[in-house]
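A short write-up of the structure that comes next.
What follows is calculated from the coordinates using simple rules that are stated; it is not laboratory data. Just so you know, these numbers come straight off a predicted model, no measurement behind them. Using ideal geometry, Cβ is built from the backbone for each residue, glycine included, and neighbour counts are taken over all protein chains shown.
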Amino acid sequence: MSSAEISKSLRADTVIRKFIFHDLQAIDGYIDPPDALVFLAILEHQAASGLGGSVAEIGVYYGRSYFLFRRICGDEERIVAIDLFDVDEHTGGSEQYARFVENGRRLGLPVREDLVIKGDSTLLDPHALAAKAGPIRFFSIDGGHMLHHVASDSALAAETLADHGIIAFDDTFNPTWPEVTVGVGDFLREQRGEFAVFCITKYKTYVCRRAFHADYCAAIAASADLSAFEHVETEFLGSKATRLENPMRRRLVHQLLVRSGMGIFSERAYR
């Protein structure tokens, strides 16, 4: 790589990290910086390896992770957003959806409304999703958190995923939602070894087809953006996986900077 290419790459890295640690924080949502950096590492690895496809997300809320996908993937890629949009039931969901669209306008990442599916993901026909999305390379599941939701959403993801695609399950080990953990375990067992876990964070579990397991493990290990975390080898239902440890002191520094109005400097906690 030439010095000009290195310089361009560093500028791009600075821009996307500013987006993650500063711009996204203005949107209500739950994806924290470690998982945003995992999303970045996976999507960039896929792009660099020619592993194409679209992105699908169940559980959009106000769009924090949706706009992260949009920012990383660019305008040409299809990002399919699936949500009931019923957070504000007294308005029939119109306020949540309006805020979602407004967040996109403010960030300069307008929502592709033709790629938004308003409805219950458990009733979504895989063929209908495939017709809209094509093969999916990254499927984020953060919808209903009861066992039947996870079972249905994971089956939908498995049926529409590209061979090289990954699934990110949210709240896998959150004690508030124990059935999510059960649902992920059930999915992996029912798939009879076809899928394997390759990365685990505090909030999410990342799985891929076993044929690509070593590839994604290597991508997590090689990512410069994930070098700030301790990489601990663990095992989940027969699969070796990397658990990314995020020390409490780092989280506290990051939160202190954000809450004190110095969020633009908070990414330094993750260098």
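Things to note:
- Extension gain from residue 173 to residue 87, taking 0.36 nm per residue of separation minus the Cα-Cα distance: 28.6 nm
- Point-charge dipole on Cβ atoms (K/R +1, D/E -1) for the stretch 3-270, about Cα centre, debye to 20: 920
- Ranked by how many other Cβ atoms sit within 10 Å of their own Cβ, fewest first, the residues 62, 206 fall in the order 62, 206.
- Over the chain, the fraction of Cα-Cα pairs per 10 Å bin, rounded to whole percents and listed from the shortest bin up, is 7, 29, 38, 22, 4, 0.
- Pairs of lysine residues in the chain - Cα separation under 23 Å, sequence separation of 8 or more or cross-chain: 6
- For the peptides 179-187, 217-225, residues were scored by their other Cβ atoms within 10 Å and the scores averaged per peptide; the highest-first order is 179-187, 217-225.
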